[in-house]
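The values are calculated or read from the model by the stated rules, or taken from the named source; none is laboratory data. Since this is a predicted model, take the numbers as computed values, not measurements. Because the Cβ atoms are built from the backbone with ideal geometry, glycine has one as well, and the counts that use them run over all protein chains shown. Just the protein is used for accessible areas: all its heavy atoms, side chains included, with ligands, DNA and RNA removed. Shrake-Rupley method; radii C 1.70, N 1.55, O 1.52, S 1.80 Å.
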Amino acid sequence: MVINVGPQHPSTHGVLRLILTLDGEQILACEPVIGYLHRGLEKMMERRPYRHNIPFTDRLDYLAALSNNLAICQCIERLGGVEVPERAQYIRVLLMELQRIASHLVFLGTFGTDLGATTMFLYAFREREMVLDLLEECTGARLTYNWVRVGGVPDDLPEGFGQKVLDFVKLFRQRIEEYDMLLTRNRIFRSRTQGIGVIPKETALAYGCSGPVARASGIPYDIRKVAPYEVYNRVEFDVPVFEDGDVWARYLVRMEELRQSLRIIEQVLRDMPDGPVQTKLPKIFKPPAGIAYSRVESPRGELSFMMVSDGGANPVRVHIRAPSFVNLSVLPRLLEGAKVADLVAILGSIDVVLGEIDR
Amino acid sequence: MSRQRAMRDTEYNPLVYFIDGLVTLFNGMVVTWRNLWRPKITVRYPYQRRPVPPRYRGLFYLKWNEEKQRLNCVGCTLCAQACPTDVISMVKLGKGTHAGVSEFTMDLGRCMFCNLCVEACPFDAIYMGPNYELASERRDVSLFRIADLAQGGEEAVRKNIETIERLLAEEEKAKPAHAAHAAGGQSE
Amino acid sequence: MIEAITQFFTQHPLLWAFVKAVVLASFTLVIPLAVIYVERKIAGFIQSRLGPLHVGPQGTFQTAADALKLLLKEDIVPEGADKRFFYLAPYIAFVSTVLCFMVLPFAPGWVALEMNVAVLFIIGVSLFNVVSILMAGWSSNNKYSLLGGLRAVAQLLSYEIPMVLSVLAVVFYTGSLSLTGIIEYQVKHGWNIWHPPIMIAALIYFICALAEINRTPFDLPEAESELVSGFNTEYSGMRFAFFFASEFANNFFITAFAAALFFGGWDGPVLPPIVWTFLKVFVMIFVFMWLRWTPPRLRIDQILRFAWQLLVPVSLANLLFAIALGVR
């Protein structure tokens with residue numbers, strides 16, 4: 001039996017279409033169809049001056065817009081040899097980690113709903129709302145923040161922001177305990193996640209998986225540690241790595257990352273120096289000819305931008321390495337032999353964002 | 001990097017799993033019970049509204065300068081150049097020190113609310129305000145004209161044009177004699 | 001006056017039966033309105049929300065408004081559906097629920113049909129529900145519906161067995177197949193729940209009841225995140241309303257049945273019997289709802305494994321236990 005899941009389906013997390021061949025409840029083959037959200041962003045970027053492209057990246061991984069902003073800005077900074085003031089770097093890291101929490105909370109909520117724990121969705125989004133309130137206060141937007149600029153960030157943190165973040169950190173530590181009690185320790189949840197959708201280490205390497213998906217398969221690979229950017233080499237944090245590679249391990253990686261993000265936030269707020277937040281740049285920004293490549297650890301994995309400049313005002317070529325796209329490519333292999341009910345668990349655990357896959 | 005093994009469960013044993021299931025289910029129910037009595041977070045939107053933070057990026061406004069009796073905008077088109085999606089178009093009024101705008105249009109249907117235009121403006125003329133209720137049933141209303149954008153509306157636009165035209169006329173009169181002096185005096 | 005009415009109906013038993021049928025059918029239609037409202041409120045409160053608020057005071061009439069909306073909606077039959085079965089399925093589900101209510105005593109004498117094999121009758125009639133789900137799933141000409149329907153049948157049939165066995169334990173223990181008899185036994189000897197074999201039977205019954213009325217963690221026949229909406233995906237309007245109503249009426253019934261079997265039915269001090277019945281039912285419904293919004297759902301193989309490997313043997317053993325203790 002061939003069954004069509006998506007592009008309009010409650011648990012494909014966007015407009016992903018999966019053509020499943022079933023034998024009863026067993027999945028024999030899966031063919032993902034992507035492209036329903038294609039906007040030609042890379043081409044659009046080649047037609048515009050460098051700094052005009054930053055808001056477009058908000059529309060890539062719309063659950064972690066700030067990570068995208070940072071990735072493209074780092075790329076342009078490398079291209080033009082722009083220095084970033086220290087305070088701006090700290091602010092960037094702070095916002096990135098808040099963004100990571102927000103993004104992982106979406107994962108947590110939707111993953112819970114996919115498995116039938118609807119209440120988890122509301123709890124996770126309740127806490128995400130607090131993060132969004134914080135980010136809104138700082139950036140002025142709730143989803144498409146566009147709050148990283150070439151050479152820094154547009155504005156300093158608003159007054160009293162640090163204290164509010166610390167209050168949130170304190171509250172959120174308790175809430176994570178609650179999530180553990182409600183979901184992580186739940187027998188049913190564990191039965192549903194353990195041992196399914198196993199990505200062996202070799203497969204993860206072969207497909208180029210990154211982020212939580214790779215780390216759950218035993219690959220200790222986190223850009224924040226491997227190639228530290230901004231001030232990540234000055235803060236202390238652990239990168240959780242699990243050997244098992246199943247849905248359960250991917251879930252645990254993300255839960256642990258929530259805790260680590262809180263640690264980073266506390267350190268960043270403690271160490272943040274005073275100073276300017278943006279480097280002055282000429283009105284028309286023309287980097288010298290060359291190629292630049294930047295990579296950041298977005299909540300979904302290794303997000304990279306490559307830009308080619310010929311010395312003009314517009315980039316000649318832009319390429320985006322979207323972590324979701326690479327991670328999604330493992331899916332057909334994972335689903336062979338899985339059950340229909342596992343489909344949503346596996347897909348949810350990879351945590352794809354279609355805006356980034358289709359670009 | 002901290003390498004660890006995920007908490008694994010013992011081999012399937014119906015009874016152990018069942019009892020474990022009951023216990024953990026009860027734990028979960030404790031959590032939901034606790035939340036049953038927590039204050040609710042619903043904001044009943046049309047009746048209640050969240051406060052909008054000062055940096056919120058909503059509908060634009062053109063700043064009214066009470067002292068000079070005109071809009072701050074001088075029609076330099078820096079914002080239009082900074083815009084990635086060509087939202088802004090304007091008609092410049094006059095030139096030189098007293099220049100202003102007679103028409104300033106924004107097509108919010110194209111706008112990403114990215115704040116780049118606000119950052120590009122050197123005259124503090126354009127801001128993003130707290131108004132976020134921009135949905136409409138008609139397509140043509142996404143076009144916001146100067147009277148919709150200016151602080152003070154029609155009245156402000158009329159005064160703005162009056163002031164600028166008066167200043168321009170004065171400048172025109174003063175020009176042949178003491179051009180440099182007049183310009184210096186007014187730009188204070 | 002009352003005597004006159006009683007006399008009139010004694011003379012016309014057919015008319016009396018008709019009146020009872022109408023009352024029961026409308027009760028089965030009205031009860032879901034209340035249960036759904038309570039469910040939505042509780043779900044809301046558990047999830048830090050407020051639940052329905054706008055229609056009527058605190059949203060009381062929300063479900064009534066929803067029902068009205070469903071009645072006014074277009075009746076859509078998918079192309080290629082097996083029309084006869086598609087039309088019939090919701091009504092079979094509804095009728096099976098009404099039939100269950102028929103033999104349920106709400107208070108002493110408050111029973112539409114006093115039957116000495118009521119328990120057997122209920123077990124038999126409630127199985128119609130399975131048929132209706134299979135009919136709905138299969139006739140919809142929709143793969144999601146079919147999968148949902150097949151899952152539902154596998155699940156309901158597996159859980160029917162331990163459920164019947166645990167009910168049988170009560171029957172053997174009290175020595176009566178009539179619900180009124182079981183309740184009267186409890187009025188005399190104390191509630192069944194306090195007796196060890198029945199305690200286990202009650203636990204098994206509750207687990208099976210969750211499965212029978214498709215609630216988390218056993219709600220996979222209508223697992224919306226996988227199967228859109230399961231067997232009733234293609235239903236809309238009136239027919240959907242009947243499915244929905246019968247599901248929630250079933251919810252009410254299965255707790256009322258539990259109250260009769262384990263918690264002494266109408267038995268209780270001070271308050272009138274009918275109030276006690278409803279009180280017990282609503283406490284149990286609350287627990288069901290509370291439970292519904294807590295755990296994730298199981299997978300179909302896990303559910304079946306659980307039923308056959310644990311519940312069936314345990315309930316069989318428990319049945320022997322109950323028989324041994326119950327024989328006097």
Checklist entry - the stretch A:275-352: which trypsin sites (Lys or Arg not before Pro) are DSSP loop and have at most 12 other beta-carbon atoms within 10 angstrom? => result A:K280, A:K283
Item to check | Contact order normalised by residue count of the stretch A:214-359, Cα under 8 Å, 6+ apart, percent | outcome: 18 percent
Checklist entry - For all pairs of alpha-carbon atoms in the stretch C:1-123, what percent lies in each bin of width 5 Å, listed from the first bin to the last filled one? => result 2, 8, 11, 14, 15, 14, 14, 12, 6, 2, 1, 0
Next on the checklist: What Kirkwood Rh does the stretch C:70-325 have if only Cα atoms enter the pairwise 1/r average? Answer in Å.
Outcome noted: 18.7 Å
Checklist entry - In bins 10 Å wide, starting from 0, what share of all Cα pairs of the stretch C:173-298 does each bin hold, as a percent? => result 12, 37, 30, 16, 5
Checklist outcome for this item: Filtering GluC sites (Glu not before Pro) in the stretch B:42-105 by DSSP loop and by at most 16 other Cβ atoms within 10 Å leaves B:E66, B:E67
Checklist entry - Whats the longest run of chain B with zero chymotrypsin sites (Phe, Trp or Tyr not before Pro) that are DSSP loop and have at most 11 other Cβ atoms within 10 Å? => result B:48-188
Next on the checklist: Accessible area per residue for the stretch B:60-183 in Å², computed with a 1.4 Å probe and the full protein assembly in place, what is it?
Outcome noted: 55 Å²
Checklist entry - In chain C, carbon and sulfur make up what percent of the accessible area (probe 1.4 Å)? => result 74 percent
Checklist outcome for this item: Per the stretch A:218-303, sqrt(5λ) over the Cα gyration tensor eigenvalues, sorted largest first, in Å, gives 31, 20, 10
Item to check | Kirkwood hydrodynamic radius (C-alpha pairs) into Stokes-Einstein, the stretch A:1-133, 37 °C and 0.692 mPa s, D in µm²/s | outcome: 185 µm²/s
Item to check | Charge tally in the Cβ shell below 11 Å around C:P32, where Lys, Arg are +1 and Asp, Glu are -1, C:P32 excluded | outcome: -3
Checklist entry - Quick one: buried accessible area between A and C, total over both chains, 1.4 angstrom probe, nearest 100 Å²? => result 2500 Å²
Checklist outcome for this item: Scoring chain A by relative contact order with C-alpha pairs under 8 Å, at least six apart, yields a percentage of 28 percent
Next on the checklist: If you average 1/r across every pair of different Cα atoms in the protein assembly as shown and take the reciprocal, what Kirkwood value do you get, in Å?
Outcome noted: 31.2 Å
Checklist outcome for this item: Pseudo-spin-label distance B:N27 to B:E66, built 7 Å along Cα→Cβ, given in nm, is 6.1 nm
Checklist outcome for this item: For the stretch B:72-174 the translational diffusion coefficient, Stokes-Einstein from a Kirkwood Rh over Cα pairs at 10 °C and viscosity 1.306 mPa s, in µm²/s, is roughly 109 µm²/s
Checklist entry - How big is the Cα convex hull of chain B in projection, averaged over all directions, in nm²? => result 21.4 nm²
Checklist entry - Radius of gyration and Dmax for the stretch A:172-324's Cα atoms, expressed in Å? => result 19.5, 59
Checklist entry - Of B:M128, B:F104, B:A147, whose Cα points farthest to the positive end of the dipole of the stretch B:95-148 (charges on the beta-carbon: +1 Lys, Arg; -1 Asp, Glu; origin at the Cα centre)? => result B:F104
Checklist entry - So for B:D86, A:D61, what's the accessible-area order with a 1.4 Å probe, most first? => result B:D86, A:D61
Item to check | Per principal axis, descending, Cα span of the stretch A:67-106 in whole Å | outcome: 35, 19, 7
Checklist outcome for this item: In Å, the C-alpha Rg and Dmax of chain A are 20.1, 64
Next on the checklist: What aspartates and glutamates does A:K164 reach when the alpha-carbon gap must be under 13 Å and sequence neighbours fewer than 8 apart in one chain are set aside?
Outcome noted: A:D133, A:E136, A:E137, A:E266
Checklist entry - Which residues does a label at B:E103 reach in the stretch B:48-90, if reach means a backbone N under 12 Å from a point 7 Å past the Cα toward the Cβ? => result B:89-90
Item to check | Taking all pairs of distinct alpha-carbon atoms in the stretch A:187-233, Kirkwood radius in angstrom | outcome: 12.2 Å
Checklist entry - How much accessible area is lost when chains B and C come together, counting both sides, with a 1.4 Å probe, in Å² rounded to the nearest 100? => result 1800 Å²
Checklist entry - Tally Lys and Arg at +1 and Asp and Glu at -1 over the other residues with C-beta under 14 Å from the C-beta of B:L149: what net charge comes out? => result -3
Checklist entry - Looking only at other chains, what is the average number of their beta-carbon atoms within 10 angstrom of each beta-carbon in B:17-27? => result 6
Item to check | Check: chain C dipole with +1 on Lys, Arg Cβ and -1 on Asp, Glu Cβ, in debye | outcome: 360 debye
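Calculate the FRET efficiency for B:D140 and C:H54 from the Cβ-Cβ distance with a Förster distance of 56 Å, rounded to the nearest 0.05. Present the calculation step by step, with values, prior to reporting the outcome.
Working: r = 32 Å, r/R0 = 0.58.
That gives a FRET efficiency of 0.95.
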Checklist entry - Total accessible area buried between chains A and B, 1.4 Å probe, in Å² to the nearest 100? => result 4000 Å²
Item to check | Largest-first ellipsoid semi-axes for the stretch C:132-205, taking √(5λ) over the Cα gyration tensor eigenvalues, angstrom | outcome: 37, 12, 8
Checklist entry - For B:V91 and C:D301, FRET efficiency with R0 = 60 Å and r from the beta-carbon atoms, rounded to 0.05? => result 0.25
Item to check | Burial of 50 Å² or greater, the stretch A:144-177 residues [accessible area, probe 1.4 Å, versus chain by itself] | outcome: A:R149
Checklist entry - Given 10 Å bins starting at zero, what is the percent of C-alpha pairs of the stretch B:55-127 in each, up to the one with the largest pair distance? => result 20, 56, 22, 2
Next on the checklist: Give me a comma-separated list of calculated 3J(HN,Hα) values for the stretch C:239-253, in order, Karplus coefficients 6.51, -1.76, 1.60 applied at θ = phi - 60°, integers in Hz, x for any Gly or Pro.
Outcome noted: 5, 4, 4, 5, 4, 4, 4, 5, 5, 6, 5, 4, 3, 5, 5
Checklist entry - What angle do you read, to the nearest 10 degrees and between 0 and 90, between the alpha-carbon axis of helix B:153-186 and the longest principal axis of chain B? => result 50 degrees
Checklist entry - Using the per-residue mean of other Cβ atoms lying within 10 Å as a proxy for protection, in what order, highest first, do the peptides B:157-168, A:347-358, C:266-277, C:9-20 fall? => result A:347-358, B:157-168, C:266-277, C:9-20
Item to check | At R0 = 25 Å, FRET efficiency that the Cβ-Cβ distance of A:R185 and C:V287 yields, to 0.05 | outcome: 0.75
